[in-house]
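Structure first, then comments.
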Amino acid sequence: MMLVTGGIASGKRTYVRALGYANEQMDGCLDAPCPVLLDLDELLRAGDLDERDWERLLCKEVVVCHEVGMGVVPMDAADRAWRERVGATCARLAREASEVVRVVCGIPVFLKR
Amino acid sequence: MIALVTGGASSGKSAFAEKLACSLADTRTYLATMRDDCDEARSRIVRHQRLRQGLGFGTVECPDSLRPACAKGWHGGVALLEDLGNLCSNALFPPCGRASADDVLARLDAELSMLQTAFEHVVVVTVEAGCAADGTHASTADWLRVVGALGCALAERSDVVVEVACGIPCVIKGRLSWT
């Protein structure tokens, strides 16, 4: 599984398409029968993933997540908790991933390969 | 050549971009994008003027459009555009009213391409701003999308892309012989 991270409008989805995936193969829902999961950060809005979610997540070929932890600490407590969930989930996912890519201005910068 | 320099706030992008621009040509034009409409902006402008003092830059004021830099045809030499974030802010949020994000994106993308018809080398400074949890406000989201999309478009056309962190340049596309 490859983890693709990067800021807003940094070119993550364009990069995944360049890997050969069509738009129809990407979805933001874990249950969708798609090899690419989009917006992992949105999935974490409601709370942490349970073990069944993890199993499904690890079956994906590509997981795309916004980098949300490089700005100021959010004013709202729920946003702070969410931001930490995203960071911790990405770190755990990166340990399982075979490749981790951070996209900067559309350029893939490999953090793990 | 076209070079794009990105990085966080106060990460050393300007100092690096100026060094890069100076290495490319002796005729140097600085495309300034900051509006001097408040004390904070004015002190920032003075800090940047001091940074490039003695480096031989002529300055063209381009707060919301790059047309002033291309108006006189071929300048040659190197143009240093600093920076894309300011240019997008000024274009999206003019003193009166609000411009459409799609219009600004299309216009600035075309103007960035036009720079290449006026200068031999173009160095553009942008900012890594989209890596935070604060993109939910509509105006902020528009700005992030325009800056991000222009950065991607420009990176694709660039010979060299450099990300600066803590003053340290990391070349993420192309090659610089002296870094």
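When residues of the range A:1-26 are filtered for being outside any helix (DSSP H, G or I), out of contact with any Gly (no Cβ under 7 Å at 6 or more places or on another chain) and touching a residue at least 40 places away in the same chain (Cβ under 8 Å), how many remain? Can you show your working first?
Just the residues of the range A:1-26 that are outside any helix (DSSP H, G or I), to begin with: A:1-11, A:19-22, A:26.
Now restrict to residues that are out of contact with any Gly (no Cβ under 7 Å at 6 or more places or on another chain): A:1-6, A:19-22, A:26.
Filter once more, so that each one left must be touching a residue at least 40 places away in the same chain (Cβ under 8 Å): A:1-6, A:19, A:21.
Of the residues in the range A:1-26, 8 are outside any helix (DSSP H, G or I), out of contact with any Gly (no Cβ under 7 Å at 6 or more places or on another chain) and touching a residue at least 40 places away in the same chain (Cβ under 8 Å).
Considering only the range A:44-69, state which residues are surrounded by fewer than 19 Cβ atoms within 10 Å (Cβ to Cβ), part of a loop (DSSP other than H, G, I, E, B) and hydrophobic (A, V, I, L, M, F, W, C).
A:ALA46, A:CYS59
Residue by residue through the range B:33-69, note down the ones that are among the hydrophobic types (A, V, I, L, M, F, W, C) and in a helix (DSSP H, G or I).
Going through the range B:33-69, the residues among the hydrophobic types (A, V, I, L, M, F, W, C) turn out to be B:34, B:38, B:41, B:45-46, B:51, B:55, B:57, B:60, B:62, B:66, B:69.
Scanning the range B:33-69 gives B:ALA41, B:ILE45, B:VAL46, B:LEU51, B:ALA69.
I want to confirm something. Restricting to the range A:70-82 and keeping residues that are surrounded by 10 or more Cβ atoms within 10 Å (Cβ to Cβ) and not charged (D, E, K, R), which single residue is farthest from the other protein chains (Cβ to nearest Cβ)?
Of everything passing the filter in the range A:70-82, A:ALA81 is farthest from the other protein chains (Cβ to nearest Cβ).
B:VAL127 - would you say it is touching a residue at least 60 places away in the same chain (Cβ under 8 Å) and surrounded by fewer than 21 Cβ atoms within 10 Å (Cβ to Cβ)?
Working: touching a residue at least 60 places away in the same chain (Cβ under 8 Å): yes; surrounded by fewer than 21 Cβ atoms within 10 Å (Cβ to Cβ): yes.
Yes, satisfied.
Look at A:ASP41 and say whether it is in contact with a His (Cβ under 7 Å, 6 or more places away or on another chain), within 13 Å of chain B (Cβ to nearest Cβ) and either loosely packed, with under 13 Cβ neighbours inside 10 Å or of a type outside the set (A, V, I, L, M) (or both).
On the way: in contact with a His (Cβ under 7 Å, 6 or more places away or on another chain): yes; within 13 Å of chain B (Cβ to nearest Cβ): yes; either loosely packed, with under 13 Cβ neighbours inside 10 Å or of a type outside the set (A, V, I, L, M) (or both): yes.
Yes.
Somewhere in the range A:83-95, is a residue touching a Phe, Trp or Tyr at 6+ places or on another chain (Cβ under 7 Å), surrounded by 19 or more Cβ atoms within 10 Å (Cβ to Cβ) and either within 14 Å of another protein chain (Cβ to nearest Cβ) or assigned to a loop (DSSP other than H, G, I, E, B) (or both)?
Restricting attention to the range A:83-95, the residues satisfying the condition of being touching a Phe, Trp or Tyr at 6+ places or on another chain (Cβ under 7 Å) are none.
No, the conditions are met nowhere in the range A:83-95.
Identify, from the list A:LYS12, A:LYS60, the residue that is of a type in the set (D, E, K, R) and closer than 30 Å to B:SER11 by Cα. Talk me through it step by step, then tell me what you get.
Working: A:LYS60 fails: closer than 30 Å to B:SER11 by Cα.
Answer to the selection: A:LYS12.
Would you pick out the residues in the range B:1-35 that are away from chain A (no Cβ under 14 Å) and within 12 Å of the chain's Cα centre (by Cα)? First the steps, then the outcome.
Step one: list which residues in the range B:1-35 are away from chain A (no Cβ under 14 Å), which gives B:1, B:12, B:14-35.
Hits for the range B:1-35 are B:SER14, B:ALA17, B:GLU18, B:TYR30, B:LEU31, B:ALA32, B:THR33, B:MET34.
Here's the yes/no breakdown for (1) in a helix (DSSP H, G or I); (2) more than 10 Å from every other protein chain (Cβ to nearest Cβ); (3) more than 14 Å from the chain's Cα centre (by Cα):
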{"site": "B:ALA106", "(1), (2), (3)": "yes, yes, yes"}
{"site": "B:ALA110", "(1), (2), (3)": "yes, yes, yes"}
{"site": "B:GLY130", "(1), (2), (3)": "no, no, yes"}
{"site": "B:ASP142", "(1), (2), (3)": "yes, yes, yes"}
{"site": "B:ARG145", "(1), (2), (3)": "yes, no, yes"}
{"site": "B:GLY148", "(1), (2), (3)": "yes, no, no"}
{"site": "B:PRO169", "(1), (2), (3)": "no, yes, yes"}
{"site": "B:ARG175", "(1), (2), (3)": "no, yes, yes"}
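Which of (1) within 9 Å of chain A (Cβ to nearest Cβ); (2) under 26 Å from B:CYS38 (Cβ atoms); (3) in a helix (DSSP H, G or I); (4) not aromatic (Phe, Trp, Tyr) is the odd one out, the single condition B:ASN90 does not satisfy?
Every condition holds for B:ASN90 apart from (1).
Any read-out appearing in this document is the output of simple, stated calculations on the displayed coordinates, not a laboratory observation. Predicted, not measured: the structure shown is a model, and the values here were computed from it. A quick note on method: Cβ atoms are made from the backbone with ideal geometry, for glycine too, and the neighbour counts reach across all protein chains shown.
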